[in-house]
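Working notes, beginning with the structure itself.
The values are calculated or read from the model by the stated rules, or taken from the named source; none is laboratory data. Predicted model only: the values in this text are computed from it and were never measured. Note that each Cβ is placed from the backbone with ideal geometry, even for glycine, and that neighbours are counted across all protein chains shown.
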Amino acid sequence: MKTLPTITFRELLAGSIKDDPTIAAAADSLDAELQAVNEAVRQVLIYARIDELPEDVIDLLGWQFHVDFWDSAWPLDQKREMVRLSIAAHRRKGTPWAVESVLRVFGIEAKLIEWWEYSGDPYRFMVEVEAHGWGWIPERDSLCRKVIEEMKSLRSHLDVLRVRRRLDVEPIVIGVLPAQGGRQAIMFGCDPAPAPLSLFTGVMPVQAARQSVPVIDPGVSVAPTHNYAGCVVAATTRQQVR
């Protein structure tokens, strides 16, 4: 089966003239133009080829589609996502969806909360964003507010930008043992082996006799970054922390 990239102009001629030497020569001379037009057809496809288009073309599309707060310093992948989202964002501009969707392109998970959802004043709203680790910096805060201001409803005004910071660390394991006499011990068995950011703490308030707060980890190799702490609060006699 013939396709546009492989077909020649002579093959498109009627059988009555395609073998004429003059006609055949003229048809062969047009093959290069035919293939150039065939290659140019791909340039008409825009949305289907956003992931293939070079950066200078993406910049032009950002201007053509009027992508708000466009910045030529953005990474190429981010530019492509903004161009891809632009038409839908303009259609639904002024809605919570528009604010949340554009922020998501910048890696910011956000939720817009309307005034009636938190007993605020009419035509006010708040936005909650999720900050992972310690990554909320002034530049990110400024970008977030800029997106909100551009994509929100004109009649509404931002009350609060609430940043919720989640630290991806292991649970803190704490042992507490109040005692008045005799020898006491708080032990932590580590099975399975703790993650590098685990924190193990023992606390023991006592009034008399010898006390110890050991951290026992039989048969488990502990990475140097683990934190182990023992604390004793006492009024009399000898105390030991190890």
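When both residues are 6+ apart or on different chains and their Cβ atoms are under 7 Å apart, which pairs have a first residue that lies in the range 23-48 and is closer than 27 Å to ARG84 by Cα, and a second that is outside any helix (DSSP H, G or I)?
ASN38/LEU4; ASN38/PRO5
Return the residue satisfying two criteria in turn: it lies in the range 29-66 and is in a helix (DSSP H, G or I), modelled with pLDDT of 90 or more and of a type in the set (Asp, Glu), and of such residues it is surrounded by the most Cβ atoms within 10 Å (Cβ to Cβ).
Restricting to residues being in a helix (DSSP H, G or I), modelled with pLDDT of 90 or more and of a type in the set (Asp, Glu), the top hit is ASP59.
Out of the residues in the range 137-153 that are closer than 16 Å to GLY107 by Cα, out of contact with any Phe, Trp or Tyr (no Cβ under 6 Å at 6 or more places or on another chain) and surrounded by fewer than 17 Cβ atoms within 10 Å (Cβ to Cβ), which is modelled with the highest pLDDT?
ARG145
Among VAL57, VAL83, which is in contact with a helix residue (DSSP H, G or I) (Cβ under 8 Å, 6 or more places away or on another chain) and assigned by TED's automatic domain parsing to the domain that holds GLU128?
VAL83
Given the conditions (1) assigned to a loop (DSSP other than H, G, I, E, B); (2) among the acidic types (Asp, Glu); (3) modelled with pLDDT under 90, and given that GLU11 satisfies all but one, which numbered condition is not satisfied?
(1)
Identify, by number, the condition in (1) assigned to a helix (DSSP H, G or I); (2) within 22 Å of the chain's Cα centre (by Cα); (3) loosely packed, with under 14 Cβ neighbours inside 10 Å; (4) of a type in the set (Phe, Trp, Tyr) that PHE69 doesn't meet.
Failed condition: (1).
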